[in-house]
Every structure is written in structure tokens, then in C-alpha cells.
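Just below is one structure, and these are the notes that go with it.
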Amino acid sequence: MSDNTTNTSTKNLPYEPVQFAKKHRISVEDAKVIVERHGADRKSADKEGRRISL
């Protein structure tokens, strides 16, 4: 059994705005707004990021 009790999953953490901006090819300012609006809901944030990048 592992002694590591820290959760290394990033699934429940919000995106970093710079990484999100690069992923969706949008401005960092737009990414900051999206990340603040959606918090840790990455699925919802990705959906809006795709919508803006078009």
C-alpha cells in the first residue's frame, strides 16, 4: 500500500489561465475570465474556450 496520501489528479482543479489560453488559442485575458467564471468545472470551461476560439 502506498503512503502517498496527496491527490495528484488535476481533474478537480481549475485551469491555469496561461495554459488554458494556449490550449484554446485565445488571449490570456479571455482565459482568465473563463477560468474565473467556471472554476474547477473543466468540461464547462473547455466548452466555452472552444466557443470563443472559433
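The values are calculated or read from the model by the stated rules, or taken from the named source; none is laboratory data. Please read all numbers here as calculations on a predicted model, not as lab measurements. Note that we place each Cβ from the backbone using ideal geometry, even for glycine, and neighbour counts take in every protein chain shown.
Just checking, how many residues over the stretch 27-53 are over 10 Å from the mean Cα position of the chain (by Cα) and of a type in the set (D, E, K, R)?
7
What residue, among those in the stretch 4-26 that are aliphatic (A, V, I, L, M) and either over 18 Å from Leu54 (Cβ atoms) or within 10 Å of the chain's Cα centre (by Cα) (or both), is modelled with the lowest pLDDT?
Leu13
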statement: Residues of the stretch 37-49 being more than 15 Å from Gln19 (Cβ to Cβ) and among the charged types (D, E, K, R), in sequence order, are Arg37, Asp41, Lys43, Lys47, Glu48
- prompt: Among all residue pairs at least 6 apart or on different chains, which show Cβ distances below 7 Å where the first residue, located in the stretch 29-50, is surrounded by 13 or more Cβ atoms within 10 Å (Cβ to Cβ) and the second is part of a loop (DSSP other than H, G, I, E, B) and of a type in the set (Ser, Thr, Tyr)?
  reply: Val35/Tyr15; Arg42/Tyr15; Ala45/Tyr15
